[in-house]
1. Just to be sure before I move on: is residue 344 open to solvent by 40 Å² or more (accessible area, probe 1.4 Å), at pLDDT 90 or above and under 28 Å from the mean Cα position of the chain (by Cα) in the structure I sent?
2. For residue 124, are the conditions met, namely being of a type outside the set (A, V, I, L, M, F, W, C), within 26 Å of residue 290 (Cα to Cα) and assigned to a loop (DSSP other than H, G, I, E, B)?
3. Give 86, 75, 38, 60 a once-over and let me know the one that is within 30 Å of residue 144 (Cα to Cα), modelled with pLDDT of 80 or more and either surrounded by fewer than 20 Cβ atoms within 10 Å (Cβ to Cβ) or in contact with a helix residue (DSSP H, G or I) (Cβ under 6 Å, 6 or more places away or on another chain) (or both).
4. Considering only residues that are more than 15 Å from residue 287 (Cβ to Cβ) and either modelled with pLDDT of 90 or more or aromatic (Phe, Trp, Tyr) (or both), look in region 311-324 and name the one that is least open to solvent (accessible area, probe 1.4 Å).
5. Does region 289-321 hold any residues that are outside any helix (DSSP H, G or I), free of Cβ contacts under 8 Å to residues at least 40 places away in the same chain and on the phi < 0 side of the Ramachandran plot, and which are they?
6. Counting only residues that are hydrophobic (A, V, I, L, M, F, W, C) and part of a loop (DSSP other than H, G, I, E, B), which one in region 71-112 is nearest to residue 15 (Cα to Cα)?
7. Just to verify a result, which residue in region 285-341, among those that are of a type in the set (Lys, Arg) and touching a helix residue (DSSP H, G or I) at 6+ places or on another chain (Cβ under 8 Å), is nearest to residue 362 (Cα to Cα)?
8. Restricting to region 41-57, and then to whatever is charged (D, E, K, R) and farther than 17 Å from residue 354 by Cβ, can you tell me which residue is least open to solvent (accessible area, probe 1.4 Å)?
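The values are calculated or read from the model by the stated rules, or taken from the named source; none is laboratory data. Just so you know, these numbers come straight off a predicted model, no measurement behind them. Neighbour counts run over all protein chains shown; Cβ positions are idealised from the backbone, glycine included. These accessible areas exclude ligands, DNA and RNA; they are computed on the full protein's heavy atoms, side chains included. Shrake-Rupley method; radii C 1.70, N 1.55, O 1.52, S 1.80 Å.
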Amino acid sequence: MQRKKFLEFRSNDLRHLTGGPELPGLKPPPPVISPIFALVDTNVVLSTISCRAQLKNPTALTNLEEAINAGVLRAFATTEVKEEVARNLPTFPCKAPSERIESAKQSILEKIYFFEPSNRKSNNIQRLLARDPTDVPHARLFEDLGLDVIISKDNDWDETDYPRLGLTDADLMRLLREYSRAAVKHAGMHSLVSTGTLLTAATIEGVFKGFAKLSTSMKWITGLTVGSLTFFALCAASTLDAPPPESKKSDTDWPFKNFFDDLRAAGEKSADLSAQIERLLERRAKLTLKQHLLRIFCLADEPLALHEIEQQLQRAGHRSRAQSPHIQLRRALSSDKKFASTADGRWQLGAKIKIEETEYAARLREFRASLRHKAQQSRPPQAHGANARS
């Protein structure tokens, strides 16, 4: 049983295996799909809560939760949805004890960003106003945030040209779950060969023993699964230039016997699922500055300094026409209640969601944050001064 889990990766780790700064000695991991930003309505939230409450395993996750934990989905709703869920959940069909329902409600609501919409007007909003005024706040939020898709079973949305998917329309949530599992396996296995080498069982055993001798401040690394140690092993361990000779291979001594076949299969599966997902969506080609900022902060592990935000805006393809883009950025951040400033002058999203992650993912996030901080401290004094003035 232990051998079968030798190269196990969990979908929770996907966003940490594929994003953020590169670790020393590793090539960039394979790209994953751009996260989907979706509006969910009351019925979708209620249905997901009911599903979670009725799962036989109380620690199991719904498709929506797993997709969010993996970083391939961000769910948004109006504050009105949260109120409607609290009001309607007691009478919503669900064959589960009340305590399970309450626990499921807490778990699902923690995964969704809730915002107040603006009072904007558009042709779509006017059409909805004539057909069902209760949908107008949700439409306004969809436009405010520049979201990718609406997940809803409400046919009133057909009155608009917004991209909408019902829960059963090719089952986007199921595709996202399957994609997350295939992509994290591909990314994790890719990291094993990203330096052009392959670890053997003996090498990994040595890595474990080596880590066990580390100082107390590094003891948190020990005890992780082999898949979780991949990044650190490639950075710190000796590796073979080639697999062992045929005469020395065996299922016991060489757990990577079918490694490359599995790697190829995982890559092909994730690519196929990625294509299916993208065909379902009508991505917005152009986003405003504030919509770009929303996406940046939703996927950031920690608050960002202004120069880090500017770098990410450039990578996202945003091009400002303002005479002073830096001043424009400061004004955009200061004038929107969705964004909040920290005591040290960095910026983050005001609303928070709770994302469950494995111990490995949490430690890797902390490790990356430490690398960023050390990199900033090692900059020449001139660079610090320039950043301070900016």
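1. Numbers: open to solvent by 40 Å² or more (accessible area, probe 1.4 Å): yes; at pLDDT 90 or above: yes; under 28 Å from the mean Cα position of the chain (by Cα): yes.
So residue 344 passes the test.
2. On the way: of a type outside the set (A, V, I, L, M, F, W, C): yes; within 26 Å of residue 290 (Cα to Cα): yes; assigned to a loop (DSSP other than H, G, I, E, B): no.
Answer is no for this residue.
3. Details: 75 fails: either surrounded by fewer than 20 Cβ atoms within 10 Å (Cβ to Cβ) or in contact with a helix residue (DSSP H, G or I) (Cβ under 6 Å, 6 or more places away or on another chain) (or both); 38 fails: either surrounded by fewer than 20 Cβ atoms within 10 Å (Cβ to Cβ) or in contact with a helix residue (DSSP H, G or I) (Cβ under 6 Å, 6 or more places away or on another chain) (or both); 60 fails: within 30 Å of residue 144 (Cα to Cα).
That would be 86, the only listed residue that is within 30 Å of residue 144 (Cα to Cα), modelled with pLDDT of 80 or more and either surrounded by fewer than 20 Cβ atoms within 10 Å (Cβ to Cβ) or in contact with a helix residue (DSSP H, G or I) (Cβ under 6 Å, 6 or more places away or on another chain) (or both).
4. Of all residues in region 311-324, those more than 15 Å from residue 287 (Cβ to Cβ) come to 311, 322-324.
Filter once more, so that each one left must be either modelled with pLDDT of 90 or more or aromatic (Phe, Trp, Tyr) (or both): 311, 324.
Working: 311: 85, 324: 44 Å².
Once the filter is applied, the top-ranked residue is 324.
5. The initial filter retains those residues of region 289-321 that are outside any helix (DSSP H, G or I), namely 299-305, 316-321.
Still in the running and free of Cβ contacts under 8 Å to residues at least 40 places away in the same chain: 316-321.
Residues satisfying the conditions are 316, 318, 319, 320, 321.
6. Quick first cut of region 71-112, residues hydrophobic (A, V, I, L, M, F, W, C) only: 72-73, 75-77, 81, 85-86, 89, 92, 94, 96, 101, 104, 108-109, 112.
Now restrict to residues that are part of a loop (DSSP other than H, G, I, E, B): 72, 92, 94, 96.
Values: 72: 8, 92: 34, 94: 33, 96: 32 Å.
Per the stated criteria, the residue is 72.
7. Initial filter on region 285-341 (of a type in the set (Lys, Arg)): 286, 290, 295, 315, 319, 321, 330-331, 337-338.
Then keep just the ones that are touching a helix residue (DSSP H, G or I) at 6+ places or on another chain (Cβ under 8 Å); that gives 290, 330, 338.
Working: 290: 28, 330: 30, 338: 25 Å.
Here the residue is 338.
8. Taking region 41-57 as the starting set, the residues that turn out to be charged (D, E, K, R) are 41, 52, 56.
Still in the list and also farther than 17 Å from residue 354 by Cβ: 41, 56.
Details: 41: 19, 56: 205 Å².
Filtering region 41-57 for residues that are charged (D, E, K, R) and farther than 17 Å from residue 354 by Cβ, the one least open to solvent (accessible area, probe 1.4 Å) comes out as 41.
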